[in-house]
1. I want to confirm something. Restricting to segment A:178-198 and keeping residues that are of a type in the set (A, V, I, L, M) and facing another protein chain (nearest Cβ under 7 Å), which single residue is farthest from residue A:56 (Cα to Cα)?
2. Looking only at residues in segment A:21-72 that are loosely packed, with under 15 Cβ neighbours inside 10 Å and polar (S, T, N, Q), which one is farthest from residue A:203 (Cα to Cα)?
3. I need a count of the residues in segment A:159-170 that are at pLDDT below 85 and either surrounded by 13 or more Cβ atoms within 10 Å (Cβ to Cβ) or of a type in the set (A, V, I, L, M, F, W, C) (or both).
4. Within segment A:188-239, work out how many residues are of a type in the set (D, E, K, R) and over 20 Å from residue A:125 (Cβ atoms).
5. Taking residue B:148, is it of a type in the set (A, V, I, L, M) and in contact (Cβ under 8 Å) with a residue 60 or more places away in the chain?
6. Residue A:86 - would you say it is surrounded by 24 or more Cβ atoms within 10 Å (Cβ to Cβ), assigned to a helix (DSSP H, G or I) and either touching a helix residue (DSSP H, G or I) at 6+ places or on another chain (Cβ under 6 Å) or assigned by TED's automatic domain parsing to the domain that holds residue A:202 (or both)?
7. How many residues does segment B:46-92 contain that are within 25 Å of residue B:204 (Cβ to Cβ) and among the small types (Gly, Ala, Ser)?
8. Considering only segment A:19-64, state which residues are over 28 Å from residue A:215 (Cβ atoms), of a type in the set (A, V, I, L, M, F, W, C) and at pLDDT below 85.
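The values are calculated or read from the model by the stated rules, or taken from the named source; none is laboratory data. Fair warning: this is a prediction, and the values are worked out from it, not measured in the lab. Virtual Cβ from ideal backbone geometry, glycine too; neighbours counted across all protein chains shown.
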Amino acid sequence: MIAAEFRASASLRSIRRAVIALLAAGAAYELVARSGLFPPVLFPAIPAVLGTLSDMLADGTMLAHTASTLFRVLVGFGAAILIGTPLGVLMARFQPVERFFMPLVTALMPIPSFSLVPLFMLWFGIGDLTTILIVFYAATFPMIINTWTGVRAVNPLWLRAAGAMGADEKALFRKVIIPGAFPFIITGIRQAFLRAWIAVVGAEMIAASDWGLGWVIFDAKEFLNTDVMMASIVVIGFLGFVFERLVFGALERATVLRWGMMRQARG
Amino acid sequence: MAYAAQGSMALTAPAPAHDAAGSWLRTVGWNVFPFVVVGGIWEIVAHAGIFPPALFPTLERVAATFVNLTISGILPRHAIETLLRLLSGFALAAVFGVGLGLIMGRSRAAEDYLLPIVSTLAPIPGLAYTPLFLLWFGPGDVTTVLLVGFVSCFAVIYNTWTGVKAVKEIWLRSAQSMGADDRRLFRKVILPGALPYIFSGLRLGLAQAWRVLVAVEMLAAVNWGLGWLIFGARKFLNTDAMLAGIVVIAIIGLALERLVFKRLEDYTVVRWGMMGSGT
């Protein structure tokens, strides 16, 4: 009882401290912004940033930027899943496939996706296609590698047991290999999205199009619109957080956690 | 947390073990073959004249450019500048990240106050801050190094913090009951116990620093650096110089991966106990 009460008061204290810390950080920022040490164009006060954010949300420009960024990231990321997962499975199941693709994957993976942006800009021009391809490049390798690892990590005993119980290749695949590899595939999806999200912001900055959260940040630099920049950074951080925590967390709960393949991480 | 698992593995195709020399030759053959196929397709497309040669140079031209740029010292200088920035930014992240992580792991108050700030800043892709840093610190080295350090320090902070928290309570108690003071407790128990996590944090941080650096060099208008080389080559349609730069980037990336990140899998997959006797 006492221990439980102590824990409750300790966690209450943590929450209180978290609020204090965030408020203090905000207040410190606000103080610097208003002190006039730096020009306000470079260091806008928080109300200004929030005002810009709500203006941009109200007139729909922020939504349009968000929509085009999401379109690019989801198409590239979706293509990475559609191509990376089967390739990873094939590489893990068939040795010739592995032998052919593994050296290529090993050689291409360490190339940061951004280094291909100038090349793709020459080949495919400025705009959606270049950005989507960069996102695809960034997201494919985590998918391939994690799927490959996952399929190889499926307990051989399960395969033999299913085989002994008369499962054919198709049933083996659907009932044993895919569920068995799924924790790894989900890890791959998470890593792939994380990379895709970074890649889309960077690619939009370099391969400037007309819309997109990365583009709007970089474009705002020309006009010293630091408030627009910060408002977009907030949106980028918020969306990344939503995907990582809500979307993939839900995916994990609906699959591997429900199947009992993985335990929930400690609170 | 997303930072905890950015595994990257590099394996070559396993060769059946027969006689040593034969299997070695076969391994080399299997590893070279895919590149021959891809290179062959590239050459056919480049020579077919479907695309203008300025945009799709032949491999001979890329190789010649690579050699020329290397001999003239341009390529090595770009590479060295890039590596220096990588190391300075990463050193910043390592010192700051490990320090902050240790403090957060040891002091409950520091954890309570700092963790909300760290976890608010961490999910934002570091590149999004680039224009802001450019305005604040001007184009050039300062912005690049600060940004690389900023981006890579979160992985270091998180892993160090986790590592300190993962040190077993019983080790601390027994060391204390054997009369260890705070200093010795820290040096002999906490630091060694947290070290595997700290290392994996440093590896993750270096990987992130490397991926971001190339992009930052393009945006921050530095005078030298591989990112700048390939971005500048675009203006003059020097696709061959661009590809030569990408090759150097790939070599550095592969070296980092092989020398530094390779053991990452031990700290993720094996630690979770997910990898059976499969490999």
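1. Keep residues of segment A:178-198 that are of a type in the set (A, V, I, L, M), which gives A:178, A:181, A:185-186, A:189, A:192, A:194, A:196, A:198.
Checking which are facing another protein chain (nearest Cβ under 7 Å) leaves us with A:194, A:198.
Details: A:194: 26, A:198: 23 Å.
Ranking the qualifying residues of segment A:178-198, first place goes to A:194.
2. The extreme case among them is A:35.
3. Final tally of qualifying residues: 3.
4. From segment A:188-239, those of a type in the set (D, E, K, R) are A:190, A:195, A:204, A:210, A:219, A:221-222, A:227; that's our starting set.
Those still in the list that are over 20 Å from residue A:125 (Cβ atoms) too: A:190, A:195, A:221-222, A:227.
Residues in segment A:188-239 being of a type in the set (D, E, K, R) and over 20 Å from residue A:125 (Cβ atoms): 5 in total.
5. Details: of a type in the set (A, V, I, L, M): yes; in contact (Cβ under 8 Å) with a residue 60 or more places away in the chain: yes.
Considered against the rule, which asks whether it is of a type in the set (A, V, I, L, M) and in contact (Cβ under 8 Å) with a residue 60 or more places away in the chain, residue B:148 comes out as yes.
6. The answer is no for residue A:86.
7. The first filter runs over segment B:46-92 and keeps only residues within 25 Å of residue B:204 (Cβ to Cβ), leaving B:79-92.
Now narrow it down to the ones that are among the small types (Gly, Ala, Ser): B:79, B:88-89, B:91.
Going through segment B:46-92 one residue at a time, the tally reaches 4.
8. A:37
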